[in-house]
1. Is it true that E173 is among the acidic types (D, E) and either crowded, with 21+ Cβ neighbours inside 10 Å or touching a Lys or Arg at 6+ places or on another chain (Cβ under 6 Å) (or both)?
2. Can you tell me which residue is surrounded by the most Cβ atoms within 10 Å (Cβ to Cβ) among those in the range 136-154 that are part of a loop (DSSP other than H, G, I, E, B) and in contact (Cβ under 8 Å) with a residue 40 or more places away in the chain?
3. Looking at this structure, is V218 under 30 Å from L133 (Cβ atoms) and at pLDDT 90 or above?
4. If you go through the range 116-126 one residue at a time, do you hit one that is in contact with a helix residue (DSSP H, G or I) (Cβ under 7 Å, 6 or more places away or on another chain), surrounded by 21 or more Cβ atoms within 10 Å (Cβ to Cβ) and in contact (Cβ under 8 Å) with a residue 24 or more places away in the chain?
5. Determine which member of the set I25, I51, I65 is of a type in the set (A, V, I, L, M, F, W, C), touching a residue at least 40 places away in the same chain (Cβ under 8 Å), more than 18 Å from T219 (Cβ to Cβ) and crowded, with 21+ Cβ neighbours inside 10 Å.
6. Of (1) at pLDDT 80 or above; (2) of a type in the set (G, A, S); (3) farther than 22 Å from M217 by Cα, A90 satisfies all except one. Which?
7. Within the range 103-114, does at least one residue satisfy the condition of being modelled with pLDDT under 90, of a type in the set (S, T, N, Q) and not in a loop (DSSP other than H, G, I, E, B)?
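The values are calculated or read from the model by the stated rules, or taken from the named source; none is laboratory data. Since the model is a prediction, treat every value here as computed from it, not as a measurement. Quick reminder, even Gly has a Cβ in these numbers, built from the backbone with ideal geometry, and neighbours come from all protein chains shown.
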Amino acid sequence: MSNPLIELQPDCGCDDEPLIDLKQIRKAFGSSLVLDGIDLTIYRGEAVAIIGPSGTGKSTILRIIAGLLAPDSGEIYVQGKLRMGLIEDAPDPIGIGMVFQQAALFDSLTVEENVGFLLYQHSHLSQREIRQLVDDALEMVGLPGIGDRYPAQLSGGMRKRVSFARAVMTNPENPMDRPAMLLYDEPTAGLDPIASTVIEDLIRGIQKGRGCSSYVMVTHQDSTIRRTADRVLFLHQGKIQWSGPVDTINNTDNPLVRQFFSGKVEGPIHIIG
């Protein structure tokens, strides 16, 4: 019988130095302990999926990695440097972009203004230069010519792709601004199978073509896990209960993973409510 908890050095052609290293991360909300001593290392070039039952802290891990949420205890190293505080307190040595579950677009702004928001706010580029960069980003995600539309005029899948374009926008005046890691929170939630496939292909395409060679994703979708992840982590009861390459999912003896992918009610995962 195989070890239910597989800890492997990722075989991804990645650098030896981790991009992100979480050590003994704990986080509670009120009396609810969500993360209980999480150790997680992400290397350059990795595609990692965090899976598990709803409400187990998967999105919390993403927000801690992004520097949007502080842990109660533990240490966070970004490319070998200890992060002190949140992302607003000091810039990380790598860029980290995040694609939120609901796209998080500004309803009152056009697509162009949403995608180019950071450049409009924090660069010295002309409006014409920003528009060209936005057009290029929208072309990349397969949405040319929609810069003048508003989010309400877009389908759910289109809004997701616009949020991807925004996440990879960089200032050409500052090449170091390019994100080295992207974080995806349920990128295919609520999408039909065809739209999900478009998003899955886009995620892999961004990894290969935009320099954002590493990403961490939270997802429940079976196809998204299998098509976009190289390594999978199973989170349950505040701990990483299993870790392994995506192609070992079907062969693991771990009862949590087997129940999750079978969809059976009976098993060690108890659904409340």
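1. Working: among the acidic types (D, E): yes; either crowded, with 21+ Cβ neighbours inside 10 Å or touching a Lys or Arg at 6+ places or on another chain (Cβ under 6 Å) (or both): no.
Judged against the criteria, E173 is not a match.
2. Quick first cut of the range 136-154, residues part of a loop (DSSP other than H, G, I, E, B) only: 141-150, 154.
Add one more test, that the residue is in contact (Cβ under 8 Å) with a residue 40 or more places away in the chain, and what stays is 141-142, 150, 154.
On the way: V141: 22, G142: 14, Y150: 16, L154: 18.
Filtering the range 136-154 for residues that are part of a loop (DSSP other than H, G, I, E, B) and in contact (Cβ under 8 Å) with a residue 40 or more places away in the chain, the one surrounded by the most Cβ atoms within 10 Å (Cβ to Cβ) comes out as V141.
3. Details: under 30 Å from L133 (Cβ atoms): yes; at pLDDT 90 or above: yes.
The answer is yes for V218.
4. Yes; the residues of the range 116-126 include at least one that is in contact with a helix residue (DSSP H, G or I) (Cβ under 7 Å, 6 or more places away or on another chain), surrounded by 21 or more Cβ atoms within 10 Å (Cβ to Cβ) and in contact (Cβ under 8 Å) with a residue 24 or more places away in the chain.
5. Numbers: I51 fails: more than 18 Å from T219 (Cβ to Cβ); I65 fails: more than 18 Å from T219 (Cβ to Cβ).
Testing whether each residue is of a type in the set (A, V, I, L, M, F, W, C), touching a residue at least 40 places away in the same chain (Cβ under 8 Å), more than 18 Å from T219 (Cβ to Cβ) and crowded, with 21+ Cβ neighbours inside 10 Å leaves just I25.
6. (1)
7. no
To keep it simple, each residue is scored yes or no on (1) over 22 Å from the mean Cα position of the chain (by Cα); (2) at pLDDT 80 or above.
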{"residue": "E139", "(1), (2)": "no, yes"}
{"residue": "L143", "(1), (2)": "no, yes"}
{"residue": "Y150", "(1), (2)": "yes, yes"}
{"residue": "A167", "(1), (2)": "no, yes"}
{"residue": "N174", "(1), (2)": "yes, no"}
